[in-house]
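Beneath this line is the structure, given in structure tokens, with notes to follow.
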Amino acid sequence: MKKLTLFLMSLALCMQAYAFMPGDDGDRLLGVWEPSNGRARVKVEKIGSKYYGKIVWLKEPNDPKSGLPKTDINNPDANLQNVPLKGYRMLKDFVYQENNQWSEGTIYDPLNGSTYSCTIKMTDPNTLDIRGYIGVSAFGRTDVWKRLAVKK
Amino acid sequence: MHNRFNPYWKTIILSLGCWAVIHVAQAQNTDSTKQESADEEDFSMYDNVGFADEGARRYCSPKIEGLSPAKLISIGYDFQTGYGLGAGAFKSQDKNTNWSQDSVNVLNSQGLRLGFNIPVISRTNLVWQMGANYWEQRYFMEDPDGSALQTNHPLLQTLSQNGLRTLGVSTTVFKPLDDKRFLLFQGSADLNGDFSPLGMMPLKYLKYSAALVYGLRPNEKKQWGLGLARTYRVGELNYIPVFLFNWTDPANKWGTEILFPARAHVRYTINPRNMLFGGFELEGQSYRLWNTNGTPDKFRDEDLEIRRGEIRLRAMYEFSLKDFIWLSVQAGYRINYRYEVDRLVGGQEIYRAFGLLSDEPYVMENRLGNPLYFNISLNLVSP
């Protein structure tokens, strides 16, 4: 009987650990998305319980001066300025919060090397409102991203 | 002999082990935010994709690459060095009172400049911002011989005692028509005058300005447009054409930020957090002479407004102090364009159209010297 009790306790501990992982609703964020400026395409992936978005396509992939693939030259950390922009995780640490919203994440703007607090709201299955802000949401800007699919 | 690994302890250790493994696995996954090598994935697969929603459209952005960041909150101070101010002779409307001309030394004029801009709607197909601003200019004067100010001229009295202030609200709407064309509207309503913060002027003295620009954004580094503005920037009401030209060179080093004739700057980008500018701004407004504090009561009833316009030739350095907190410092030469006093006719402004429609003289013609000026502001910039 005691063994059974301990087994159930251990099972409960395991279930508690899994309870922090989100349900499938949050996975609707997965896929490839295009910001409104059309300069990049971003693939959203899930790592553990959180969502991340990396740049997978650039309208201008190469630096016009050097002809080499663009790197994160505007990053304030000089050690990261040689990191290729393709593959760069510009969305980080998003957690699904129900009601089609993901929060607690950040968005990185490679054009100026700044990282902003960010929330994501899915307004329809193919549209995201991405709001980057400073401190409080009022001091921010919303960009609309569209879902991409393979052309038929 | 007691068994160290009795079944209970085994089960507890197994349970804790299971819990620890799951948490470590989660932690490892969560921390794996490091960049992947570009070699790990075939990115060419993302070339041949299109909108999942086939009805979706692309719209051009209100900004271009390399543009200086927009200011959400700005707290600044403006300081003009000394100059001479000669106030013209003036006769009251009933012809019964005359004031002769008088001159003073302005030791300096200075004041706070506050600005706020909050995005209200920020969507791909519409961007709408609302703003508010408060500017003041206080005048510190002495008589031309260096003695304490003793003047009977009502304009000099009210400038000395009350200064000039502007309190206004503004709105900006950017409406992209497609991925290349856009409309830009800017409008503002300002109370300008010699009022004090505790003695607000009636809202009937609001001055309205607006501009509408039709523009093109052919690529990520250029946008230009033409439009029409109703403006007080030359001191009095005018309707003038405006020209927008924002451009950044391919290396992201040089560029222009021009909304002519309001302002035009050449930009040099040291890096996206350090920018230098050279150019000019045309500043101006019509200021209601309303405050009787220190001036004859009669002066308030004369329906008078200062038509103030000035050109500020300047160099600016804007840089990030920390993250989104930017400091802007500027130095330049303030050139007086107009500082005349006009009397309203039946409560209406005289629309001269640069002398084309009316050559009605101003009721008080004033002279201002052209000093050096400095401006510093702390800004919270937009994402």
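The values are calculated or read from the model by the stated rules, or taken from the named source; none is laboratory data. All values reported here derive from a predicted model rather than from experimental measurement. All Cβ positions, even for glycine, are placed from backbone atoms using ideal geometry, and neighbour counts span all protein chains on display.
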Original post:
Can you spot a residue in the range B:290-312 that is within 14 Å of another protein chain (Cβ to nearest Cβ) and surrounded by 20 or more Cβ atoms within 10 Å (Cβ to Cβ)?
Top reply: no
B:Ala132: passes all of (1) assigned to a strand (DSSP E or B); (2) surrounded by 15 or more Cβ atoms within 10 Å (Cβ to Cβ) but (2)
Against the condition buried (at least 19 other Cβ atoms within 10 Å of the Cβ) and more than 8 Å from chain B (Cβ to nearest Cβ), how does A:Ser117 come out, does it pass? yes
Among residues of the range A:120-142 being surrounded by fewer than 20 Cβ atoms within 10 Å (Cβ to Cβ) and of a type in the set (Gly, Ala, Ser), the residue farthest from B:Gly55 (Cα to Cα) is A:Gly135
Flag if A:Trp57 is buried (at least 20 other Cβ atoms within 10 Å of the Cβ), touching a residue at least 60 places away in the same chain (Cβ under 8 Å) and either at the interface with another protein chain (Cβ under 7 Å from one of its Cβ atoms) or in contact with a strand residue (DSSP E or B) (Cβ under 7 Å, 6 or more places away or on another chain) (or both)
no
With criteria (1) in contact with a Pro (Cβ under 9 Å, 6 or more places away or on another chain); (2) within 14 Å of chain A (Cβ to nearest Cβ); (3) buried (at least 17 other Cβ atoms within 10 Å of the Cβ), B:Asn125 comes up short on (3)
The residue that is nearest to the chain's Cα centre (by Cα), considering only those in the range B:162-218 that are charged (D, E, K, R), more than 22 Å from B:Asn291 (Cβ to Cβ) and in a strand (DSSP E or B), is B:Lys175
Those residues of the range B:63-99 which are free of Cβ contacts under 8 Å to residues at least 24 places away in the same chain and not acidic (Asp, Glu) amount to B:Lys63, B:Lys95, B:Asn96, B:Asn98
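Listed here are the residues, each with its yes/no results for (1) modelled with pLDDT of 95 or more; (2) closer than 26 Å to A:Lys70 by Cβ; (3) surrounded by fewer than 17 Cβ atoms within 10 Å (Cβ to Cβ).
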residue: B:Gly199; (1), (2), (3): no, no, yes
residue: B:Ser209; (1), (2), (3): yes, no, no
residue: B:Gln223; (1), (2), (3): yes, yes, no
residue: B:Phe243; (1), (2), (3): yes, no, yes
residue: B:Asn246; (1), (2), (3): yes, yes, no
residue: B:Pro250; (1), (2), (3): no, yes, yes
residue: B:Arg263; (1), (2), (3): yes, no, no
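Quick grid of which residues meet (1) assigned to a strand (DSSP E or B); (2) modelled with pLDDT of 90 or more:
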| site | (1), (2) |
| --- | --- |
| B:Asp94 | no, no |
| B:Ser103 | yes, yes |
| B:Asn108 | yes, yes |
| B:Leu112 | yes, yes |
| B:Gly115 | yes, yes |
| B:Trp128 | yes, yes |
| B:Glu136 | yes, yes |
| B:Leu149 | no, yes |
| B:Asn152 | no, no |
query: Can B:Gly66 be described as within 14 Å of another protein chain (Cβ to nearest Cβ), assigned to a loop (DSSP other than H, G, I, E, B) and out of contact with any helix residue (DSSP H, G or I) (no Cβ under 8 Å at 6 or more places or on another chain)?
result: yes
